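Notes follow the structure.
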Amino acid sequence: MKVADMSKKRLIDNKNVTEVLDILETMHPEAACALDHRDPFELIVAVALSAQTTDVSVNKVTPELFRMYPDAESLAAADPDEVMEIIRTIGLYRNKSKNIVRLAGKLVSDFGGKVPHDFESLVTLPGVGRKTANVVLAEGFGVPRIAVDTHVFRVSNRIGLTDEKDVDATEETLMKRIPESSWIRAHHLLIFHGRKCCSARKPSCDKCGLNELCMHNNL
């Protein structure tokens, strides 16, 4: 078999992409943003804190964090050591405390204390990369985006929605194959599928509704 043929074989047929999303919707109707937030400011801080730690852990520290620093102005003026004490139960808390204070400072100095709603401005903020910017745009402002985290990357390439080697290419392919109106929902569904069923070490294929379509099972 030629390499090109093998590459094609790894992809779910275009006509079945919507069916994949429908099955995931049936499996994970509760799929939604797992980070507690009330506005774009709380969202962008929570997403920044969530790197290399669980959303559950972040949700445990943010109520006190946002009680003490409810907006960009107050967080920008905070002592990073005091912020560190509030978030010390999450991973990389030392660096994250400095980063979110710097992020808040940039919001105040460049954007009037408000979270910008365009990608180019978001990625100028300290600690905000492509994934975080896409999450903020989609969840905070309803802008169609697909944020590719470790779950989305793993699941998309394992089941055959994509066949890519990096997150940027995976994002690009997902945007081509999934209708734009479904981008935000697909992001949540793929994350929940990665957490609840299609785990990194031992996917629960016997419980998965995608068995007949999944390229992991049909290679």
What residue, among those in region 198-210 that are under 21 Å from Glu164 (Cα atoms) and either modelled with pLDDT of 95 or more or of a type in the set (S, T, N, Q) (or both), is surrounded by the fewest Cβ atoms within 10 Å (Cβ to Cβ)?
Ser199
Name the one entry in Pro116, Pro144, Pro126 that is part of a loop (DSSP other than H, G, I, E, B), without any contact (Cβ under 8 Å) to a residue 12 or more places away in the chain and either more than 11 Å from the chain's Cα centre (by Cα) or at positive phi (or both).
Pro116
Out of curiosity, is Gly91 within 24 Å of Lys131 (Cβ to Cβ), outside the structural domain of Arg195 (by TED's automatic domain parsing), out of contact with any Leu (no Cβ under 8 Å at 6 or more places or on another chain) and not in a helix (DSSP H, G or I)?
yes
Take the conditions assigned by TED's automatic domain parsing to the domain that holds Thr18, under 27 Å from Asn134 (Cα atoms) and either surrounded by fewer than 19 Cβ atoms within 10 Å (Cβ to Cβ) or modelled with pLDDT under 95 (or both) and apply them to Lys176. Does it pass?
yes
Would you mind telling me which numbered condition in (1) within 13 Å of the chain's Cα centre (by Cα); (2) under 22 Å from Met27 (Cβ atoms); (3) in a helix (DSSP H, G or I) Asn157 fails?
(1)
Flag if Val45 is within 18 Å of the chain's Cα centre (by Cα) and at pLDDT 95 or above
yes
Lone unmet requirement of (1) surrounded by 14 or more Cβ atoms within 10 Å (Cβ to Cβ); (2) modelled with pLDDT under 95; (3) more than 26 Å from Ile178 (Cβ to Cβ); (4) not polar (S, T, N, Q) for Leu92:
(1)
Exclusive hit being within 30 Å of Ser97 (Cα to Cα), among the small types (Gly, Ala, Ser) and modelled with pLDDT of 95 or more, set Gly113, Gly160, Gly127
Gly113
Counting only helices (runs of 4 or more DSSP H) entirely within region 15-69, those with at least 2 residues that are outside the structural domain of Met175 (by TED's automatic domain parsing) and touching a residue at least 60 places away in the same chain (Cβ under 8 Å) are 40-49
Conditions first: (1) surrounded by 13 or more Cβ atoms within 10 Å (Cβ to Cβ); (2) at pLDDT 95 or above. Lys9 passes all but one, so which condition is the exception?
(2)
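The values are calculated or read from the model by the stated rules, or taken from the named source; none is laboratory data. Just so we're clear, the structure is a prediction, and the values are computed from it rather than from any experiment. Note that each Cβ is placed from the backbone with ideal geometry, even for glycine, and that neighbours are counted across all protein chains shown.
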